[in-house]
1. Taking the Cβ of Leu188 as the center, what net charge do the other residues with Cβ under 10 Å away carry, scoring Lys and Arg +1 and Asp and Glu -1?
2. Between rounded, prolate and oblate, where does segment 41-155 land on the alpha carbon gyration tensor, with a ≥ b ≥ c its root eigenvalues, rounded for a/c under 1.5, else prolate if a/b exceeds b/c?
3. Per-residue ellipticity at 222 nm for the chain, helices alone: DSSP H runs ≥ 4 residues times -39500 (n - 2.57), over residue total, nearest 500 deg cm²/dmol?
4. Determine the dipole magnitude for segment 104-220: charges of +1 sit on the beta-carbon of Lys and Arg, -1 on that of Asp and Glu, nothing else is charged, the reference point is the Cα centre, and the result goes in debye to the nearest 20.
5. Read phi for every residue in segment 171-176 and hand back ³J(HN,Hα) as whole Hz from Karplus 6.51 cos²θ - 1.76 cosθ + 1.60, θ = phi - 60°, with x for Gly and Pro.
6. How big is the charge dipole of the chain about its Cα centre, in debye rounded to the nearest 20, if each Lys and Arg gets +1 on its Cβ and each Asp and Glu gets -1 on its Cβ?
7. Mind checking segment 131-220 for trypsin sites (Lys or Arg not before Pro) that DSSP puts in a loop (not H, G, I, E or B) and that have at most 12 other Cβ atoms within 10 Å?
8. Using only alpha carbon positions, build the gyration tensor of segment 58-119, then give the equivalent ellipsoid semi-axes as the square roots of 5 times its eigenvalues, largest first, whole angstrom.
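No lab work stands behind these numbers, since they all come straight from the coordinates. Keep in mind the model is a prediction, meaning the values are calculated, not measured. Quick reminder, even Gly has a Cβ in these numbers, built from the backbone with ideal geometry, and neighbours come from all protein chains shown.
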Amino acid sequence: NSSNVVPLEGKPLFSIYSLPWGGLNPDNGNPLGFLDGELSENYSAIISTATPESIRFHGSARPTVFGSLRNTLDYKGFSLSFNITFRAGYYFRRSSVDYAALSRGQISHADYGIRWQNPGDELTTQVPSQPTALNTVRQSFYQRSSVLVERGDHIRFQDVRFGYTFSKASNPRFPFLNMEVFTYLNNLGLIWKATDQPIDPDFPIAVPQRTAAIGLRIDF
């Protein structure tokens, strides 16, 4: 199902599994799966006969390697620090066009614009054609197929802080021991990601807003 909690012995509790993907039918753009080792469009049978041995295990749904690197540079009262974080060794399932939702008049996904429409499109897209009639089982297979699973590995520019400190040590007439004026920027964006999809692996639906702050710190 869509949950990442899969209590399968010998595998991480939070894991990503999928139904093996066989591409698109060049005649009609239908998604293809595997049934008894053969390409098939019998989605009900593909799903109902799936076993832990027949489905594909991608890996952990949570990072298995993660960390951060913070550097601080100081020069004559100026200070600059920045934080770079990384998360690796995990997978996520991205969203795509939902024809069932589209049939109800709901806004779907931008993948609709690159869907299969004519023979030969299967060479340039993996988004199934729009069905002529509602087919929820077809949609269910597509949403759970391996074509929508991506590596989550990425490096993020988390934040940067820049400040200047006025000190009584350098100016005896200064009324405070130290006074620092600083600015802080957070959620600056991705430096690198393993997936080619234009999404943030940790925030596939709504990317957190960048924030900026200006502060004053006084030591008496």
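1. Numbers: positive: Arg156, Arg210; negative: Asp159.
Overall, the nearby charge balance is +1.
2. On the way: a/c = 3.37, a/b = 2.04, b/c = 1.65.
Judged from the Cα gyration tensor, segment 41-155 comes out prolate (a/c at least 1.5, a/b above b/c).
3. Values: 3 runs with 19 residues, N = 220.
About -2000 deg cm²/dmol.
4. Numbers: 12 positive and 11 negative charges, 80 e Å.
The dipole magnitude comes to about 380 debye.
5. Karplus-based 3J(HN,Hα) across segment 171-176 equals 9, x, 7, 5, x, 10 Hz.
6. On the way: 20 positive and 19 negative charges, 241 e Å.
The dipole of the chain has a size of about 1160 debye.
7. Working: sites: Arg138, Arg144, Arg151, Arg156, Arg161, Lys168, Arg173, Lys193, Arg210, Arg217; in loops: Arg144, Lys168, Arg173, Arg210.
Answer in residue order: Arg173, Arg210.
8. Numbers: eigenvalues 386, 67, 25 Å².
Values for segment 58-119, descending: 44, 18, 11 Å.
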